[in-house]
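S.K.: Dropping a structure here in structure tokens format, bear with me for questions.
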Amino acid sequence: MGILNIITYIPAVGALVILFMSKNATRTIRTMATATAVIDFLVSLWLWPNFDKTKLFQFRETYRWIPSLGVKYEFGIDGIALLLILLTTFMGIIAIVSSYSAIKFREKEYYILLLLLQTGMLGTFCALDFFLFYVFWEVMLVPMYFIIGIWGGSRKLYAAIKFFLYTLAGSVLMLLSILALYFFNDGGIDFLHIKGLGNPGTFSVLQFHNIGHLIPPQLQFWIFLGFFFGFAIKVPMFPFHTWLPDAHVEAPTAGSIILAAVLLKMGTYGFVRFALPILPDATKQLLVPIVVLSIIGIIYGALVSLVQKDMKKLVAYSSVSHLGFVMLGMFALNPIGLRGSVLQMINHGISTGALFLLVGFIYERRHTRMIADYGGLAKQMPMYAALFLIAALSSMGLPALNGFIGEFMILLGAANSTAFGTISYAAFAATGIVLGAAYLLWLYQRVFWGPLDNPANQNVPDVNKRELGLMLALIVMMVWIGVYPTPFLDVVEKPVDYIVRKVDPKYFDKQQLTYPSTVAAAAPYPSTVAAAAPYPSTVATAAPSGRGAAEGSGTHTPSEVAEK
Amino acid sequence: MSSALLLVVLLPAIGALINGTRAFLAPHTPKNKTTTNFFALATTALSALIATWIVIQSAGSPWQHVYFQWIPTGLGHAGALLANFTVDFALRIDHLSSTMLMIVTWVGFLIHVYATGYMSHEKGYTRFFTYLNLFMFMMLLLVLGANYIVMFVGWEGVGLCSYLLIGFYYDKNFAADAGKKAFITNRIGDFGFILGIFLIFNTFGSADYTRVFALASAGGHAQYGAIATAICLLLFVGACGKSAQVPLYVWLPDAMAGPTPVSALIHAATMVTAGVYMVVRSNVLFRLAPDAMLVVAIIGAVTAIFAASIGLAQNDIKKVLAYSTVSQLGYMFLGAGVGAFTAAIFHVMTHAFFKACLFLGAGSVIHGCGGEQDMRKMGGLRKYMPRTHWTMLVATIAIAGIPPLAGFFSKDEILANAFPHHKFIWLLGVVTAGMTAFYMFRLYFMTFHGTYRGAQVEGIETSEPEHGGHHLIPDQRHLDQGDEHIDKAHGHHVHSHEPHESPFSMTGVLAVLAVLAVLGGLIGLPAALGGAHPTWFQQWLAPVLLPIGGEHFEFHEAALSTEYILMLVSVAVAVLGIFLAWRFYKRDPLWSTLKRLAATFAPIHRALESKYYVDELYNATVIRGTVLLALGLWWFDTWVVDGIVNGVRHLTVFFLGHGSNLFDKYVVDGAVNGVATTARGGSMMFRRVQSGLVQNYALIMGGGIVLIAVVYLFMKP
């Protein structure tokens, strides 16, 4: 049994142990759940130093499962999945510890479900077999359904069923696409009168990656559409997002955290892992509508956030906006945008997770999430106010915090995208930056600034040590990614280049721009600098490193550079 | 030396971290002020000293250092070629950044010292210094960054500190509003700035100054003319936000809600000049784009005269200075726009001296009058606070442009450069100079001359047509403290005491700044008055102005006679302004002439007093429009987007559930089994939808997969 299986099933084992505990031993149950999550996180941390960032899929494990169908039990991760797994185990701890005081009944069942949810999510990221992926994808739904449906707010049943059915509808379409891929590969059934390949039947994702470009465009289109509905609902992209505010508002805090931090990433992960590399033609064909929907999502989500009265709903709509950025960067189809997109998945998990956590803190104290019920809280709860401010700044993409790196790379990727061919997409999307500041600062002002005039708020205690610890853990991540994101970006370099090459095989074949020393010598300004600064020499060597494109690179004179 | 430079930047951050932790962990307990002072001032002082050492050591030879690779973004396209778009954390020392470095560290340090006196009675003392140190850190990043991204980090960072400090008295709604307004308006500018950065990346494959400017200067107009125009206009949008130019200037007057040292440091001397710094830093690009330069010059000139005219009729001492700052910033852009980049930075420097002095003097006045900011309730203060009076008088003369004080030289250099290029812009500049002299001496006479009017509150109408509703910032210094912290020395009751002079920590700083305001201009002494040509300051900054396409940037040499005439005109206009102020406010202590004039030109006067109703206009259009749009979208989301989802649900349940059930019962009852079974399957499934039993879905799901698998297996052979 390999490391990935261990990571995936540790939470399930923990859940099994809790199953045999007395339901009244809540303290033991909590400790057990927390211990499980912490152990899982530590084990998943082991992956990082042992991960070889020069390789693609690693820690592979393959077992026979249903040979007659070609279904294998195959696990393996690349850098993208690695980051998402670390995010999942990390946020798992946050979610469990945040539930100590929030969940007051049926704790045993609650923690069991939360742990099972972890297993489902981790399995989804690890699976390299489509059948297996689909099983985990569906397994993940059930615990979340119960978490919303049992421990949720007043309209919990409506929200839970909506969440479940909406996602299910999408995944059925996704299943059809998976089957279409399967039958194309083995030639069992002809879709659209297109003859399949006649390979041995398999659900192997990597096999599909390899045959993807052989699929005729018109078939790719339909397969892509199936994937699109499956993933776009999960992301959620405008206009498939309406389940999200309901689910978030009704879910308990931990449910919201997991939902925002990890579950939404299933959709974007699906696009990155399956839709883009397997269906390059359809990706390019459907690029414009998807990008337009993403940009609508960015602006629409931000504007709707602006006028929300419920804090949780505000944060939920802001997710629509943030995930729009993720989609935009992804479909820029260049390394910059895609890397930013992957990093932004992590950033959104941390920042929005933190915001939901903070809303949870205040909800436990005051049992209301209505913005109008607050005002002037900074006076009564200065620590809470400071923590909230940092989370809000991270969410609105302030430099030196994580959100900026992701948004910057995404917008730079979008501005530089040859697939878009125009900077106007980036320009429209960048309005999201302004609106992001507007809705978060307005929220902050209404909740924390101004006079403390509601008597009910005048004796609210500030954050306790447990809450402070949770937030500090998240803030450390925000600052780390914001100041030194290289470790996170390095591991996704290889997979991102792989995806770019799948979609646009010629991307790296273009000539490389280097900065020859002649440029520096031509102008008196930097000549003195050039001697002191290590610039021109490092640039010329660093640019082509480790990429197949190095063959095409050469040194250009300034006039060549300028020729464009 | 590179680690020393890093230390310069990091020291204030360390101070902020220590004081911030102290303020965060024990928010309700009063902290030891000496400890706070130590961490705040020692770090700033050390930072300034090391910075000075570095500037002296570097001796005018530029260098930069890459500390680490910050954002490894990967391969992108610059033109048709692939370029490695990395973003380094790199700092740079050259003539421009050392100039700004000296201004920021030393003026920053002086204002820190001043604030220890001014803020001494505040409850949020440690919090205040945390923000102030954080600001120093961000501002240093802004001016020292070796590429546009590091500059952008500082740029947004100072915006954040500005937000926090404007909102320092956060429990007052006007302060909270002003903070938010400042941040969001700045973000609108940043939107342009960041798009400009993206275009720079797309064009040059880098955001590093040396590479961008080297390529741009080698390429010249032919290669980069068009794209440079777009880049420069976008960058200038950013500059408009940060440096409060039309149409994004509205946040700066409101920003006066912050404590006065903040207004001096951030909203006069340093942060608001960041836009000018950015334009001058990008001078190579701007000179490739004459159209963009013209826009800069026009916006600058319009802002200068527009804000100055509003400043004529304000009665809040800080508001006058705020509009004056907007106007002077316009001057700087006017200079940059006509190609007088050196003069723009020169004016940044002299302005930092005299405007910091004026703001701190105003702070001293407010402090001495127990929190009063309305000049109509001041008067005669020269008797009570002589040191403040003298220093402020010096700074007032300096800003009015009377030789040989600092303001004259920088202003004259800008006007002298504007004259040969655009006569009309020059004219706007001259008129603005006259207005500046008038409103500054108006402030001076109203505050320090005549008799003290603080006691006779009833005699003067207290409410002016102020639509923001909070221009009289009541007793601002005491807003943050609880009742137990009432300032005993000055008394909480504003008018019960006579005004008094401020402590030495404040007046001492005023004296230093006044000296600078007198002497600071001499480094830009023009040849016509016995200096060098180009002036010493021009020679110092010349290496930053790259040749373009082989053509060197020339400092134009006008005929001496023209130069003398121009000087004479600007001095004459300034003297006229001073005379009018003297005539209306000093010689006529009851201001009767003025009141008559105001009555005659009532609409104009009201428009000026109400700042041309620009805030009202923005509220009615942009803000209200956005909110209405957002409300509309929310309605759309609830009733249309989600309505469709719910509608689909109801229809499905109805037709497939009940419908097929009925169909099954009455139409095909007992007919073909296959069809009926399917329909019943559907109806069963959707009836369960209503019951919400998830197990059933899982079962159906699994069943479906098995079914497909079985069908497939049978079909295969």
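S.K.: Could you tell me which of the residues A:418, A:431 is within 8 Å of chain B (Cβ to nearest Cβ), more than 30 Å from residue B:629 (Cβ to Cβ) and surrounded by fewer than 23 Cβ atoms within 10 Å (Cβ to Cβ)?
M.R.: Answer to the selection: A:418.
S.K.: Here is a follow-up. Please pick out the residue among B:214, B:178 that is small (Gly, Ala, Ser) and more than 9 Å from every other protein chain (Cβ to nearest Cβ).
M.R.: The match here is B:178.
S.K.: Which ones in the range B:199-209 are part of a helix (DSSP H, G or I), buried (at least 24 other Cβ atoms within 10 Å of the Cβ) and facing chain A (nearest Cβ under 7 Å)?
M.R.: Within the range B:199-209, just B:201 meets the criteria.
S.K.: Say we look at the range A:495-517 and pick out the residues that are within 11 Å of chain B (Cβ to nearest Cβ) and not in a loop (DSSP other than H, G, I, E, B); which of these is farthest from residue A:48 (Cα to Cα)?
M.R.: A:517
S.K.: Continuing with this model, one more query. If you scan the range B:379-391, which residues turn out to be in contact with a Phe, Trp or Tyr (Cβ under 7 Å, 6 or more places away or on another chain) and surrounded by 24 or more Cβ atoms within 10 Å (Cβ to Cβ)?
M.R.: Initial filter on the range B:379-391 (in contact with a Phe, Trp or Tyr (Cβ under 7 Å, 6 or more places away or on another chain)): B:379-382, B:389.
Once the filter is applied, which keeps residues that are in contact with a Phe, Trp or Tyr (Cβ under 7 Å, 6 or more places away or on another chain) and surrounded by 24 or more Cβ atoms within 10 Å (Cβ to Cβ), the range B:379-391 yields only B:381.
S.K.: Considering every residue within the range B:121-136, establish whether at least one is more than 10 Å from every other protein chain (Cβ to nearest Cβ), under 16 Å from the mean Cα position of the chain (by Cα), buried (at least 24 other Cβ atoms within 10 Å of the Cβ) and within 21 Å of residue B:366 (Cα to Cα).
M.R.: yes
S.K.: When both residues are 6+ apart or on different chains and their Cβ atoms are under 6 Å apart, which pairs have a first residue that lies in the range A:432-450 and is free of Cβ contacts under 8 Å to residues at least 24 places away in the same chain, and a second that is part of a helix (DSSP H, G or I)?
M.R.: A:434/B:187; A:434/B:188; A:434/B:191; A:445/B:176; A:445/B:180
S.K.: In the range A:1-50, what count of residues is obtained for those that are basic (Lys, Arg) and either within 22 Å of residue A:128 (Cβ to Cβ) or assigned to a helix (DSSP H, G or I) (or both)?
M.R.: Within the range A:1-50, the subset basic (Lys, Arg) is A:23, A:27, A:30.
Now restrict to residues that are either within 22 Å of residue A:128 (Cβ to Cβ) or assigned to a helix (DSSP H, G or I) (or both): A:27, A:30.
Final tally of qualifying residues: 2.
S.K.: For the range B:54-92, which positions are buried (at least 19 other Cβ atoms within 10 Å of the Cβ), more than 7 Å from chain A (Cβ to nearest Cβ) and among the small types (Gly, Ala, Ser)?
M.R.: Listed by number, the list holds a single entry, B:90.
S.K.: What's the total number of residues in the range B:120-132 that are part of a loop (DSSP other than H, G, I, E, B) and out of contact with any Lys or Arg (no Cβ under 8 Å at 6 or more places or on another chain)? It would help to see each step written out before you state the result.
M.R.: The first filter runs over the range B:120-132 and keeps only residues part of a loop (DSSP other than H, G, I, E, B), leaving B:120-124.
Now restrict to residues that are out of contact with any Lys or Arg (no Cβ under 8 Å at 6 or more places or on another chain): B:123-124.
So the count comes out to 2.
S.K.: In the range B:92-107, which residues are acidic (Asp, Glu) and more than 22 Å from residue B:207 (Cβ to Cβ)?
M.R.: none
S.K.: Also, quick follow-up: Could you please find all residues in the range B:22-53 being within 10 Å of another protein chain (Cβ to nearest Cβ) and in contact with a helix residue (DSSP H, G or I) (Cβ under 7 Å, 6 or more places away or on another chain)?
M.R.: Answer for the range B:22-53, where residues must be within 10 Å of another protein chain (Cβ to nearest Cβ) and in contact with a helix residue (DSSP H, G or I) (Cβ under 7 Å, 6 or more places away or on another chain): B:23, B:24, B:27.
S.K.: Hey, another quick one. More than 18 Å from residue A:117 (Cα to Cα) and surrounded by 13 or more Cβ atoms within 10 Å (Cβ to Cβ): is that true of residue A:57 in this structure?
M.R.: Considered against the rule, which asks whether it is more than 18 Å from residue A:117 (Cα to Cα) and surrounded by 13 or more Cβ atoms within 10 Å (Cβ to Cβ), residue A:57 comes out as yes.
S.K.: Is there a residue in the range A:397-404 that is within 11 Å of chain B (Cβ to nearest Cβ) and over 25 Å from residue A:248 (Cβ atoms)?
M.R.: Yes, because at least one residue in the range A:397-404 is within 11 Å of chain B (Cβ to nearest Cβ) and over 25 Å from residue A:248 (Cβ atoms).
S.K.: Please determine whether any residue of the range A:469-484 is of a type outside the set (Phe, Trp, Tyr) and in contact with a strand residue (DSSP E or B) (Cβ under 9 Å, 6 or more places away or on another chain).
M.R.: yes
S.K.: Mind checking whether some residue in the range B:589-612 is within 30 Å of residue B:188 (Cα to Cα) and basic (Lys, Arg)?
M.R.: Yes, the range B:589-612 contains at least one residue that is within 30 Å of residue B:188 (Cα to Cα) and basic (Lys, Arg).
S.K.: Continuing with the same structure: What pairs can you find where one residue is in the range A:189-201 and acidic (Asp, Glu), the other is in a loop (DSSP other than H, G, I, E, B), and their Cβ atoms are less than 9 Å apart, with a gap of 6+ or different chains?
M.R.: A:190/A:196
S.K.: Could you tell me how many of the residues in the range B:334-365 are at pLDDT below 90 and closer than 19 Å to residue B:265 by Cα?
M.R.: Qualifying residue count for the region: 0.
S.K.: Please find, within the range B:415-455, the residue that is nearest to residue B:366 (Cα to Cα) out of those that are part of a loop (DSSP other than H, G, I, E, B) and in contact with a His (Cβ under 9 Å, 6 or more places away or on another chain).
M.R.: B:454
S.K.: Among the numbered criteria (1) of a type outside the set (Asp, Glu); (2) crowded, with 17+ Cβ neighbours inside 10 Å; (3) more than 9 Å from chain B (Cβ to nearest Cβ), which single criterion is violated by residue A:476?
M.R.: Just one mismatch for residue A:476, condition (2).
S.K.: Here is a follow-up. In the range A:86-97, is there at least one residue being hydroxyl-bearing (Ser, Thr, Tyr), over 26 Å from residue A:464 (Cα atoms) and modelled with pLDDT of 90 or more?
M.R.: Looking through the range A:86-97, none of the residues is hydroxyl-bearing (Ser, Thr, Tyr), over 26 Å from residue A:464 (Cα atoms) and modelled with pLDDT of 90 or more.
S.K.: Considering each residue of the range B:571-605, count those that are free of Cβ contacts under 8 Å to residues at least 60 places away in the same chain, of a type in the set (D, E, K, R) and closer than 26 Å to residue B:382 by Cα, and give that number.
M.R.: 4
S.K.: I would also like to ask the following. Does residue A:357 qualify as being part of a helix (DSSP H, G or I), crowded, with 21+ Cβ neighbours inside 10 Å, more than 9 Å from every other protein chain (Cβ to nearest Cβ) and in contact (Cβ under 8 Å) with a residue 40 or more places away in the chain?
M.R.: yes
The values are calculated or read from the model by the stated rules, or taken from the named source; none is laboratory data. These numbers were taken from a predicted model, which means no experiment stands behind them. Cβ sites come from the backbone with ideal geometry, for glycine too, and all protein chains shown count toward neighbours.
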